[in-house]
Amino acid sequence: MPERPILITGASGFVAAYLLPRLAAAFPDRALIRCGAGLTPLDVTDAAEVAALVAREQPEFCVHLAAISAVPVARKDPDLAWRVNLHGSLNLARSILAHAPGCTLL
């Protein structure tokens, strides 16, 4: 049986640029599901979309990097920052509990 994949949100961001090559080297036989701009699409603010992805992929690990981290963007649109940073994290955590309870969320 193949190992369950690793799900990475925010995979097109700054931290992921350093993390992804290391994950790929450390887990060469494991699928990495990279969610982010220009990659596997995932709107973390959409609870149904997050739940569907988690249920379908059944990740063993989830590295949650999706965020509005730029202060000017957060100040300009605090509602977006709230939805992504808080509700997006809650959507992911709830989806893992409901659909992939053995998944470790990092």
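Some points to look at:
- Of all residues in segment 76-84, none are closer than 15 Å to Gly10 by Cα and in contact with a strand residue (DSSP E or B) (Cβ under 8 Å, 6 or more places away or on another chain).
- Top-ranked residue in segment 41-75 [being closer than 19 Å to Ser12 by Cβ and among the charged types (D, E, K, R); ranked as surrounded by the most Cβ atoms within 10 Å (Cβ to Cβ)]: Glu57
- For segment 1-27, taking the residues that are hydroxyl-bearing (Ser, Thr, Tyr) and outside any helix (DSSP H, G or I), the one that is farthest from His87 (Cα to Cα) is identified as Ser12.
- Against the list (1) closer than 26 Å to Pro2 by Cα; (2) modelled with pLDDT under 95, the condition Arg94 fails is (2).
- Qualifying residue in segment 28-45 (condition: in contact (Cβ under 8 Å) with a residue 40 or more places away in the chain, in contact with a helix residue (DSSP H, G or I) (Cβ under 8 Å, 6 or more places away or on another chain) and not in a helix (DSSP H, G or I)): yes
- Reported count of residues in segment 53-68, each being part of a loop (DSSP other than H, G, I, E, B) and either at pLDDT below 95 or within 16 Å of Leu39 (Cα to Cα) (or both), is 3.
- Segment 76-85, subset among the hydrophobic types (A, V, I, L, M, F, W, C) and more than 13 Å from the chain's Cα centre (by Cα), residue surrounded by the most Cβ atoms within 10 Å (Cβ to Cβ): Ala81
- Of the residues Gly88, Gly36, Gly10, the single one that is surrounded by 17 or more Cβ atoms within 10 Å (Cβ to Cβ) and modelled with pLDDT under 95 is Gly36.
- Checklist (1) within 10 Å of the chain's Cα centre (by Cα); (2) in contact (Cβ under 8 Å) with a residue 40 or more places away in the chain applied to Arg4, failing item: (1)
- Count - residues of segment 46-78 that are β-branched (Val, Ile, Thr), more than 17 Å from Leu20 (Cα to Cα) and in contact (Cβ under 8 Å) with a residue 24 or more places away in the chain: 2
- Here the condition is being surrounded by fewer than 18 Cβ atoms within 10 Å (Cβ to Cβ) and either modelled with pLDDT under 95 or among the hydroxyl-bearing types (Ser, Thr, Tyr) (or both); of Arg22, Arg30, it holds for Arg30 alone.
The values are calculated or read from the model by the stated rules, or taken from the named source; none is laboratory data. Note that the coordinates shown come from a computational prediction; the quantities given were computed from them, not determined experimentally. All Cβ positions, even for glycine, are placed from backbone atoms using ideal geometry, and neighbour counts span all protein chains on display.
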